Amino acid sequence: MHDIRAIRENPAAFDAALARRGLSGLSSQILALDEARRAKILAAETAQAEQNRASKDVGAARARGDDAEFERLRALVAQTKADIARLTEEAAAEDAALRDLLMTIPNLPLADVPDGADEAGNVELRRWGSPRAFDFAPKEHYDIAGVKPGMDFAMAAKLSGARFVVLRGAVIRVHRALAQFMLDTHVNDHGLTETWTPVLVKEEAMYGTNQLPKFAEDSYQTTNGWWLIPTSEVTLTNMAAGEVLEEAALPIRMTAHTQCFRSEAGSAGRDTAGMLRQHQFEKVEMVSITTPGTSLAEHDRMTGCAEAILQKLGLPYRVMVLCTGDMGFGATKTHDLEVWLPGQDTYREISSVSVCGDFQARRMNARFKAPGGKPEFVHTLNGSGLAVGRCLIAVLENGQQADGSVELPAALHPYLGGRTRISADGALV
RNA sequence: GGAGAGGUGGCAGAGUGGUCGAAUGCGGCGGUCUCGAAAACCGUUGUCGGUGUGAGCCGACCCAGGGUUCGAAUCCCUGUCUCUCCGCCA
């Protein structure tokens, strides 16, 4: 959420930054609401102050036994009561109107974010590794002979419908190994604190990390009002909600491996084959809570943590900076990691690392303070480290052999009891 | 799921209708004393919003939301969380 004071002080800068995201001239609307709101607050508070004074006089009149004055004042206050109720309600409504508007306005892009309308405007920062040369036509993951027995979409459809999968045997073993490997790497090499969180959360948590109010249709809600997290960014980041953290405790670096649930509304027809886009998937997430002065360096660090996973697995990838038109709602800057998928002959997103500045912190009221200092909003960052299912796809497609077997990355061997490949008939050997 | 108890300032803990934003203690900060420190003593010490150049003034907040009342931390209702006991359970 945006700082209304900042908009008040420099509406032109606010509009200019939002224009880069294709939103124009919002400041005048916001400032009009803000003025209306402040006028109502002033009116309501003035009325309330008068009543408070009168109420004290009532008490004083009674204390000295002045019954006539007591009754007179009592009637007077009773009379103005309705007015105060009305004014207070109006003030609250104005306040809510402004807040509702501010909650739906995306974060401002940093100056070095490239302009662009959609993903075509993203800029490649660097590449790592080179796609393997195949002497046969590489298949998509779900068509690889050794994978087929362990990846059952028909069974999942029977249980749950489209965009689910049942995994068995060697395939799920590799999937599990990947998650373990990612967590161990983040904990041992990158110093993140492993965390386990609920996947059902209150509505306010979803507001804190800006899934709500704008993107309600992307997530699932239970009948009693919980939301299923679309990413553990929600739980990890909201741990800071309402807190005033000691500056010395920052940065807080967390990682969690959780189920994620997404309705994928609006992606009908996209990536319908295979397990690239599912309603339920696993992700190892990274979240950092930092000070304003350190968040940009943290962004690069976090990107590096995600890259390290791909490098250790020997998976070729490229790092993109998302342009203004492709960035997520809460981000000021985002790096996407795109892994090479030979079956699709293209790079596909496997991680997204964003720095949100104080945008989420303001929504959550997450602050820190230096000793003797005033509380300030923290900066929040989140990134996938990595999407486990997509990483599985990458490992399978990049390791596939002409005979339908799959060679697995050396980094995973210790997690597979020393086994190194999936045979063409689907066994882990 | 059932029964009971309880949620007050950084912490502990008073306060059961009227200058209560809230006693007291601890902690924090400033000072006196001291070569320095401790102890002792004195003073001070919440957050958010509105308004004002400013000192300041005003409003809100004693888990949350409603209600009663001229007036609520205090009374009533609902929700929520914590604790104890029982039941059930991976």
Q: Take each of the peptides A:386-394, A:416-424, average the number of other beta-carbon atoms within 10 Å over its residues, and list them starting from the highest.
A: A:386-394, A:416-424
Q) What is the magnitude of the charge dipole of chain A about its Cα centre, with +1 placed on the Cβ of each Lys and Arg, -1 on the Cβ of each Asp and Glu, and no other charges, expressed in debye to the nearest 20? A) 620
Q: Enumerate the residues in region A:242-284 having an amide nitrogen under 14 Å from the point lying 7 Å beyond the Cα of A:A297 toward its Cβ.
A: A:250-252
Q: Enumerate the aspartates and glutamates that A:K312 could reach by cross-link, defined here as Cα to Cα under 19 Å, with residues fewer than 8 away along the same chain left out.
A: A:D184, A:D189, A:E285, A:D300, A:D336, A:E338, A:E349, A:E397, A:E407
Q: Would you please give the FRET efficiency between A:F134 and A:D189, computed as 1/(1 + (r/R0)^6) with r the Cβ-Cβ distance and R0 = 51 Å, to the nearest 0.05?
A: 0.95
Q) Once phi is turned into θ = phi - 60°, what whole-Hz ³J(HN,Hα) does the Karplus curve with 6.51, -1.76 and 1.60 give for every residue of region A:110-118, x standing for Gly and Pro? A) 5, 4, 8, 7, x, 6, x, 8, 8
Q. What is the packing order of peptides A:327-336, A:376-385, taking the mean over residues of other C-beta atoms within 10 Å and listing the highest first?
A. A:376-385, A:327-336
(Q) List the lysines whose Cα sits under 23 Å from the Cα of A:K148, skipping any in the same chain fewer than 8 residues away. (A) A:K139, A:K158, A:K283
Q) Where is the GNM fluctuation largest for chain A (alpha-carbon springs, 10 angstrom cutoff): A:A92, A:A268, A:A240? A) A:A268
Q) Cα centroids of region A:172-186 and region A:263-317: how far apart, whole angstrom? A) 15
Q: Grab the Cα-Cα distance for A:Q311 and A:Q48, subtract it from 0.36 nm times how many residues apart they are, and report the gain in nm with one decimal.
A: 88.3 nm
Q) How many nm is it between the label spots at A:W196 and A:A16, if each spot is 7 Å from the Cα in line with the beta carbon? A) 5.1
Q: Pop out the carbon and sulfur fraction of the accessible area of chain A as a percent, whole number, probe 1.4 Å.
A: 52
Q: Please name which of A:V58, A:V353, A:N238 has its Cα lying farthest along the dipole of chain A towards the positive end, using unit charges on Cβ (Lys, Arg +1; Asp, Glu -1) and the Cα centre as origin.
A: A:N238
Q) Could you give the accessible area per residue of chain A, probe 1.4 Å, as a whole number in Å²? A) 46
Q) Toward the positive end of the charge dipole of region A:4-103, about the Cα centre and with charges on Cβ (Lys, Arg +1; Asp, Glu -1), which of A:I84, A:A47, A:L98 goes farthest? A) A:L98
Q | Over chain A: helical MRE at 222 nm, DSSP H runs n ≥ 4 each giving -39500 (n - 2.57), nearest 500 | A | -12000 deg cm²/dmol
Q. Once the Cβ-Cβ distance between A:E9 and A:A117 is put in as r, and R0 is 25 Å, what FRET efficiency do you end up with, to the nearest 0.05?
A. 0.25
Q. Can you tell which of A:L159, A:L42, A:L73 shows the greatest fluctuation in a Gaussian network model of chain A with Cα springs below 10 Å?
A. A:L73
Q: Treat each spin label as a single point 7 Å out from the Cα along the C-beta direction, and report the A:Q29 to A:A75 distance in nm.
A: 5.0
(Q) Can you tell me which of A:S219, A:S24, A:S354 moves the most in a GNM of chain A? Springs connect C-alpha atoms under 10 Å apart. (A) A:S24
(Q) Using a Förster radius of 56 Å, what is the FRET efficiency between A:A68 and A:D218 based on their Cβ-Cβ separation? Nearest 0.05, please. (A) 0.30
Q) Which value, in debye to the nearest 20, gives the size of the charge dipole of region A:4-103 about its Cα centre, when Lys and Arg are +1 and Asp and Glu are -1 at the Cβ? A) 260
Q. A:A85 versus A:D271, label points 7 Å from Cα toward the beta carbon: distance in nm?
A. 5.4
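The values are calculated or read from the model by the stated rules, or taken from the named source; none is laboratory data. Because the structure is a prediction, the values reported are computed rather than measured. Using ideal geometry, Cβ is built from the backbone for each residue, glycine included, and neighbour counts are taken over all protein chains shown. All accessible areas refer to the heavy atoms of the entire protein, side chains included, with ligands and DNA or RNA removed. Shrake-Rupley method; radii C 1.70, N 1.55, O 1.52, S 1.80 Å.
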